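What follows draws every value from the coordinates through simple rules; no lab data is involved. A quick note: this is a predicted structure, and the numbers were derived from the prediction, not measured. Note that each Cβ is placed from the backbone with ideal geometry, even for glycine, and that neighbours are counted across all protein chains shown.
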Amino acid sequence: MNITVEAVTARIIERSRELRSAYVNAMKATMEQNPPKRRLSCGNLAHAYAGCNEQDKNIIRLMQTANLSITTAYNDMLSAHKPYERYPDIIREAARRMGCSAQVASGVPAMCDGVTQGQAGMELSLFSREVVAMATAIGLTHNMFDGNLFLGICDKIVPGMVIGALQFGHIPAVFVPGGPMPSGIPNKEKAKVRQQYAAGEVGEDKLLEIETKSYHSPGTCTFYGTANSNQMLVEMLGLQLPGSSFVSPDSELRTALTRAAVEKLIACTASAGQYRPMYEVVTEKSIVNAVVGLLATGGSTNHTLHLVAMARAAGVILTWDDMDELSRAVPLLARVYPNGEADVNHFHEAGGMSYLVYELRRGGLLNEDVVTVMGDQGLASYEKAPKLNSAGEAVWEDVISASNNTDVLRSFDQPFSPEGGLRLMRGNLGQGVIKVSAVAPQNRVVEAPCIVFETQEELIDAFKRGELEKDFVAVVRFQGPAANGMPELHKMTPPLGLLQDRGYKVALVTDGRMSGASGKVPAAIHISPEACKGGALGKLKTGDVIRFDADQGILDVLVDPAELAARPAAQLKREPQNLGRSLFGGFRELAGVSEEGASVFNSFIDFNKESL
């Protein structure tokens, strides 16, 4: 086993020992004190199955077999979630075939970041993760369910479902994907037109035409942003069926995999005699495996927040230092947009998740001592690819021993880069993260005067006025969780990318987030502490020289420390709250720092006796 992966895993286990033990004990106590259905009264049960058909009523009434929950994020505005419309019927029928039952426990909100990018509603995006977690818990707290199925794909939805599900970690859990839409126009062409629009070279009609060709049908968007990183992560955690993440929504195999997810979940329930609760699947070791998968594929920077928050919900303390150290040991095996020209369909065709796991195992980069929803075979099941047999059922076959496209997916010993996709940045401005896998080596070091902005709109307006035709470091502050909910700042990508293409040395420093699809401009993001909580970004002035070195992980302002300390901090200017943002004021007050997942739950979820 790789010595760095082994050492980091051991460190996380030791650091988390007390919290993890409390979590596991809490889950065991919950199963003992509140086993599903057993403590419900006759009136409780009657309410719970009043809407079921007679067959399901009889199954539930007998309490001899599993009753499954369905937590769904279906809506037909999100292309990724549109296929979920028919899943409950497929799941119920598959459960009945096995003498079991299934009920929709709850629907959770599903926000599309693609719709809210650059809009006021994006200020609700990060905290929608917490709302999803709470909505998940509300559905499951009826305590009717022996196994839990989760229908979710996109950005904050899967992390929120995982956090909520882990509060019910005594119950087995399986996540069920929907699959990506067919490939549209090449991502490079889309990015080119976006930059042309930013430069005023094309109008909105051309931009809308190209965007519509890119996002064009039901299924997940095909770039490797947060949504598709989510799918990779839950598969690496062992919560999703092997090779199921990127199977087309309309294929027969996709339907067969949904049925198989029901069968595998039922096999994990206590009533089936092979009880495999979620807390046995999501462990320190499987979380490290998920981080390794993220790094090896150049996944979304949003997971430097989400994975930390998800781990904490399982009683595991994961840090940015852990992720940084792992990144230096894990090679980059995939190039998927924004880290390359391919999309997730091309990744899947090249060998996909099964080949990725095969190579990571071959390189000794994964913890093998893990439990998955597939059983006790550990990760061996996850280097097999799903196929349809003659009966129309999903079966798994051995993975190919070579990539089908080495421009997209490579072997452990011939990687695109010897290091993974993320790097920790730290210095007198605080600490943050950068996605180096998408940044060309010649663009990773910038030393230039900064220009301070307090909104992304200010930067865009300065670009339109022609004020940014020079080397500079853009500082966009007051964009953290406590300031305005930490919206993604995707609108800045085209103008900054255009300036970089014109030969200027540019970089971005912000306490906000960038989209999981952002890439080629060097960006130190999630800077912690954020400006409105005393972070040094609040003391910067336009003209201060910043040393930005992504290779060495250095982020310093070259100002005398005494002078910097003596400066008054800029004050956050509160904007009028509309489009529901005022309802999230309490979340902004409770939000933790970015390096701890920007969660509102950390101070409450400690799993001690008083909190249960």
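The table below gives the values:
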item: Full-stretch length increase - Glu368, Ile3 - with 0.36 nm per residue and alpha-carbon distance subtracted; result: 130.0 nm
item: P(r) tail fraction, the stretch 73-198 - alpha-carbon pairs more than 22 Å apart, %; result: 44
item: With eigenvalues of the C-alpha gyration tensor scaled by 5 and rooted, the chain, Å; result: 40, 26, 24
item: Kirkwood hydrodynamic radius of the stretch 251-303, from inverse mean 1/r over distinct Cα pairs, in Å; result: 13.5
item: R0 of 41 Å, Cβ-Cβ distance Asp250-Ala562: FRET efficiency to nearest 0.05; result: 0.05
item: Centroid-to-centroid separation of the stretch 332-356 and the stretch 207-222 [C-alpha atoms, Å]; result: 19
item: Over the stretch 142-200 - Rg/Rh using Cα atoms and the Kirkwood inverse-distance radius; result: 1.28
item: Percent of C-alpha pairs per 10 Å bin, the stretch 326-372, short to long; result: 23, 47, 28, 2
item: FRET efficiency, Asn34 to Arg86 (Cβ-Cβ, R0 35 Å, nearest 0.05); result: 0.60
item: Extreme residue, positive dipole direction of the chain, given options His142, Met27, Val5 (C-beta unit charges); result: His142
item: Charged-residue dipole, Cβ positions (Lys, Arg, Asp, Glu), the stretch 422-573 about Cα centre, Debye nearest 20; result: 240
item: Equivalent-ellipsoid semi-axes of the stretch 422-573, from the Cα gyration tensor, Å, largest first; result: 21, 17, 16
item: Stokes-Einstein diffusion coefficient of the stretch 434-490, Kirkwood radius over Cα pairs, 10 °C, 1.306 mPa s, in µm²/s; result: 122
item: Average projected area [Cα convex hull, the stretch 568-608], square nanometres; result: 4.7
item: Proximal aspartates and glutamates relative to Lys82, as straight alpha-carbon distance under 13 Å, when same-chain residues fewer than 8 apart are discounted; result: Asp250
item: 0 to 90° range, to nearest 10: angle between helix 125-140 axis and the chain longest Cα axis; result: 10
item: Dipole axis of the stretch 36-117 (+1 Lys, Arg; -1 Asp, Glu on Cβ), positive-most option in Val108, Ile59, Ile91; result: Ile59
item: Full-stretch length increase - Tyr275, Ser582 - with 0.36 nm per residue and alpha-carbon distance subtracted; result: 106.1 nm
item: Counting DSSP beta bridges with both ends in the chain, the antiparallel % (nearest 5); result: 45
item: Pairs from Lys285/Lys491; Lys190/Lys573; Lys156/Lys264; Lys387/Lys435 whose Cα-Cα separation, in the structure shown, is over 30 Å; result: Lys285/Lys491; Lys190/Lys573; Lys387/Lys435
item: The stretch 1-120: C-alpha pair distances exceeding 19 Å, %; result: 67
item: Using alpha-carbon coordinates, inclination of helix 87-97 to the longest axis of the chain, degrees; result: 30
item: Volume of the Cα convex hull of the stretch 313-434, divided per residue and given in Å³; result: 152
item: Charge dipole (debye, nearest 20) of the chain; +1 at Cβ of Lys and Arg, -1 at Cβ of Asp and Glu; result: 880
item: Share of pairwise Cα separations in the stretch 146-245, more than 19 Å, in percent; result: 52
item: Helix-only CD estimate at 222 nm, as mean residue ellipticity for the chain, using -39500 (n - 2.57) per DSSP H run (n ≥ 4); result: -11000 deg cm²/dmol
item: Convex hull (Cα only) mean projected area of the stretch 506-603, reported in nm² to one decimal; result: 8.5
item: Nearest-ten-degree value, helix 303-313 long axis tilted from longest Cα axis of the chain; result: 40
item: Intensity falloff of the stretch 229-342 expressed as log10 I(q)/I(0), Debye formula with alpha-carbon point scatterers, at q = 0.10 Å⁻¹; result: -0.36
item: For the stretch 289-341, size of Cβ-based charge dipole, Lys and Arg +1, Asp and Glu -1, in debye; result: 120
item: Per-pair calculated FRET efficiency, R0 = 30 Å: Ile138 and Cys42 via Cβ, rounded to 0.05; result: 0.85
